[in-house]
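S.K.: I'd like to ask you about the structure that follows.
The values are calculated or read from the model by the stated rules, or taken from the named source; none is laboratory data. These numbers come from a predicted model, not from an experiment. Glycine also receives a Cβ, built like all others from the backbone with ideal geometry; neighbour counts cover every protein chain displayed. Remember, those area values only see protein heavy atoms, side chains included, never the ligands or the DNA or RNA. Shrake-Rupley method; radii C 1.70, N 1.55, O 1.52, S 1.80 Å.
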Amino acid sequence: MTTSERASTGGSASQQPPVVELDNVEIVYDRHFLAVQGVSMEVQESDIVALLGPNGAGKSTVLKMISGIGRSERGEVTRGSVSYKGEDVTNYGANEMVDRGITHILEGRRVFEDLTVEENLRCGLYRDGRRFRFDVEDYRIAFEYFPQLEEILDLKAGYASGGQQQMLVVARALIHRPELLLLDEPSLGLAPKLVRDIFETLVEINREEDITMIIADQNAKRTLEIADYGYVMENGQVELHDPAAELMEREEIKEFYLGTSGDESRYRDIRHYKIRKRWT
Ligand SMILES: Nc1ncnc2c1ncn2[C@@H]1O[C@H](COP(=O)(O)OP(=O)(O)O)[C@@H](O)[C@H]1O
Ligand SMILES: [Mg+2]
């Protein structure tokens, strides 16, 4: 059973505010570069939400403004609002969001290459330069989900494979015991089998640890398979959104995100035509 088959905990039955709510958000970099416009999203507690779309669509920007990291890249929410569990956190910085239980795994498997796998994991014990967990056992949660890491503890992380590095960054994030985990392109550059393994582990983590997740990824198929809900962005806007199982059945998603694509330019033209024809 995939996560998308289980009932979403959100919706009208729930009295709780969404974990994340974006209301008509506009995001501008460097005071004049408009990256995201009119984006509204809701992420319900315990869900896995897929954030899909081509390169440059604005997926990373949305994640960065939720985690506060965007502020340090001169990003600013210039319209609308971002809420976390009902609290207005628009334009809060990364420190404030880490304190609220958000961990953001950036694109590109950022490990400390010269440190060993174990040393990288120990870094998960620190937040904002301060050690916030005191028992080394705290990082053993990493091995529950990624036992392979225990076999390479002394390996310099720079020598680990792409798959091992991806496991390492997820494991390190887990040590923070986040309530909300943001993952940016976790499947990028990994072999299909590894992507499947890592995504299956993400589902286990989501269920066992009750961690809400937003996964921005260009692998729409794999991401929708494990997601409860999905948003498709294009040119800084949300073009489509629906429960993941329904998104997967949509013709335009099947044809242009899940199917075999042909010539790139033709692919873009047709997709634009179809999506706009039906949805705007
Ligand atoms: N730090 C930044 N400064 C200025 N523009 C940026 C920055 N980061 C991203 N952008 C621009 O914002 C738009 C959305 O980018 P991004 O959020 O990275 O898209 P995606 O993650 O979907 O590929 C792109 O046009 C990109 O060039
Ligand atoms: Mg991105």
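S.K.: Tally Lys and Arg at +1 and Asp and Glu at -1 over the other residues with C-beta under 15 Å from the C-beta of GLY70: what net charge comes out?
M.R.: -1
S.K.: Also, quick follow-up: With Cβ to Cβ distances under 14 Å as the rule, what net charge do the other residues near ALA216 carry (K, R +1; D, E -1)?
M.R.: Value of the local net charge: -2.
S.K.: Taking 0.36 nm per residue of separation and subtracting the Cα-Cα distance, what length does fully extending GLN237 through GLU249 add?
M.R.: Result: 2.2 nm gained on full extension.
S.K.: Cα gyration tensor of segment 136-230, axes a ≥ b ≥ c as square roots of the eigenvalues: rounded (a/c below 1.5), prolate (a/b > b/c) or oblate?
M.R.: In terms of gyration-tensor shape, oblate.
S.K.: If each of ARG74 and LEU188 carries a label point 7 Å out from its Cα toward its Cβ, how far apart are those two points in nm?
M.R.: Each label point is offset 7 Å from its Cα along the Cβ direction, giving 2.1 nm.
S.K.: In addition: So which of LYS193/LYS221; LYS156/LYS221; LYS64/LYS193; LYS59/LYS85; LYS59/LYS254 end up more than 24 Å apart, counting from Cα to Cα?
M.R.: Where the Cα-Cα span goes over 24 Å, the pairs concerned are LYS156/LYS221; LYS64/LYS193.
S.K.: Could you tell me the accessible area of LEU188 in Å² (1.4 Å probe, neighbours in place), rounded to the nearest ten?
M.R.: Roughly 80 Å² of LEU188 is accessible to a 1.4 Å probe.
S.K.: Rounded to the nearest 0.05, what FRET efficiency is calculated for GLU26 and ASP88 with R0 set to 22 Å and r the Cβ-Cβ distance?
M.R.: According to the calculation, E is roughly 0.90.
S.K.: If you roll a 1.4 Å probe over the heavy atoms of the protein chains, what accessible area per residue do you get for segment 151-249, in Å²?
M.R.: Heavy-atom accessible area per residue stands at 37 Å².
S.K.: Can you give the net charge of the other residues whose Cβ lies under 12 Å from the Cβ of GLN164, counting K and R as +1 and D and E as -1?
M.R.: My count for the surroundings of GLN164 gives -1.
S.K.: Here is a follow-up. Which listed residue (ALA142, PRO178, ASN120) has the Cα farthest towards the positive end of the charge dipole for segment 77-206, taking +1 on Lys and Arg C-beta and -1 on Asp and Glu C-beta about the Cα centre?
M.R.: PRO178
S.K.: What distance in nm separates the two pseudo spin-label positions at PHE112 and ASP99, each 7 Å out from Cα along the beta-carbon direction?
M.R.: Using points 7 Å along Cα→Cβ, the separation is 2.4 nm.
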